[in-house]
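S.K.: Got a structure for you, questions after.
The values are calculated or read from the model by the stated rules, or taken from the named source; none is laboratory data. This one's a predicted model, so the numbers in the text were calculated from it and none came from an experiment. Every residue, glycine among them, receives a Cβ derived from its backbone with ideal geometry; neighbour counts consider all protein chains shown.
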Amino acid sequence: MKKITAPISNDTVIDITDIADMKKNTNKPSFSEKNAGRILEYYILGEIDEAEEYAEWFNQIRNCGPNDVVIFHFNSPGGDLFTAIQFMRVINECQALTVASIEGACMSAATLIFLACDTFEVSAHSAMMIHNYSGAAFGKGGEMHSQITFESKWIETLFKEVYINFLSQEEIQNTLKGQDLWLTSSEIVQRLNERKELKKASEAASKQ
C-alpha cells in the first residue's frame, strides 16, 4: 500500500492509506480489504488533574490499533506537569494516528501533550502560552537547595526535548528564566509547519 495525504482542515494534514492498489498483469478479479478503524475523541478542558483521573483514557489510548484515530480537543490553561508527562509516554506508545486540536487555549502543561501528537489542528483566535513550571520547596535548607537544583536541570532537559524546532534556543532559555511566551493561532500554525520541515530535513540528513 502506498501512502497519500489528505487535508482534514485548513491547518491539518494527516496520512491515510490508499486502498486503490490493485494487482497488475492479471485477469483475475482483485479485491482489497482494510479493517475499519475507530475514532476516539478526548476533551482536555480546564485544568489538567492528577494522573489517576485519566487512567481509563491511558488504557484506551495504549490499546488502540494502527487503523484507529485518536483526537485530543484542547481548551486548557494547563495543570499537573507529571500528568502531562504520562500523556506524552502514552501517546508515544499509541499505534493510532494522534490528532491534537486547539479550540481555545492550550497553555503550560497542555502544550506538552499537544506537541506529542502526530498531526495538528488550530482553530482561529486560539492562543498558546508556554512558561516555566510553578512549584514550591519545603523542608530544611539543604533539602530545598537539592530540590531546586534538581528541578532546574530536570525542567531544562524536558523543555529542550519537547520544544525543539518549535521554539528557538533563545526562546527556551528566556522561558526557563521566567518569561511567558504567547502565540496566536497563526503563529502556532507557522511554527508547526517550520517544525515539520526541520524534522524532514533532519531525517533526510541522517539517511545520507
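S.K.: Among (1) acidic (Asp, Glu); (2) modelled with pLDDT under 95; (3) surrounded by 12 or more Cβ atoms within 10 Å (Cβ to Cβ), there is one condition residue 143 misses while meeting the rest; what is its number?
M.R.: (3)
S.K.: Could you please give the count of residues in region 112-133 that are outside any strand (DSSP E or B), modelled with pLDDT of 95 or more and touching a helix residue (DSSP H, G or I) at 6+ places or on another chain (Cβ under 8 Å)?
M.R.: Total satisfying the criteria: 9.
S.K.: Here's something else I'd like to know. Only one of these is loosely packed, with under 14 Cβ neighbours inside 10 Å and touching a residue at least 40 places away in the same chain (Cβ under 8 Å): 179, 169. Name it. Before you say what the answer is, go through the steps one by one.
M.R.: Values: 169 fails: touching a residue at least 40 places away in the same chain (Cβ under 8 Å).
It is 179.
S.K.: Separate question: State all residues of region 70-102 that are assigned to a strand (DSSP E or B) and surrounded by 21 or more Cβ atoms within 10 Å (Cβ to Cβ); if no residue qualifies, say none.
M.R.: Residues satisfying the conditions are 70, 72, 74, 76, 78, 98, 99, 100, 101, 102.
S.K.: Only one of (1) surrounded by 14 or more Cβ atoms within 10 Å (Cβ to Cβ); (2) at pLDDT below 95 fails for residue 136. Which number is that?
M.R.: That leaves (1) as the condition not met.
S.K.: Same structure, new question: Taking interchain pairs and intrachain pairs at least six residues apart, which have beta carbon atoms under 8 angstrom, with the first residue in region 102-131 and within 19 Å of residue 89 (Cβ to Cβ) and the second acidic (Asp, Glu) and in a loop (DSSP other than H, G, I, E, B)?
M.R.: 109/80
S.K.: Another question, if that's okay. Test each condition in (1) modelled with pLDDT of 95 or more; (2) surrounded by fewer than 13 Cβ atoms within 10 Å (Cβ to Cβ) for residue 31 and report the one that comes out false.
M.R.: (1)
S.K.: Only residues in region 55-82 that are under 16 Å from residue 113 (Cα atoms) count as the first member; pair them with residues that are of a type in the set (S, T, N, Q) and assigned to a helix (DSSP H, G or I), Cβ under 8 angstrom, at least 6 apart or cross-chain, and list the lot.
M.R.: 58/86; 78/111
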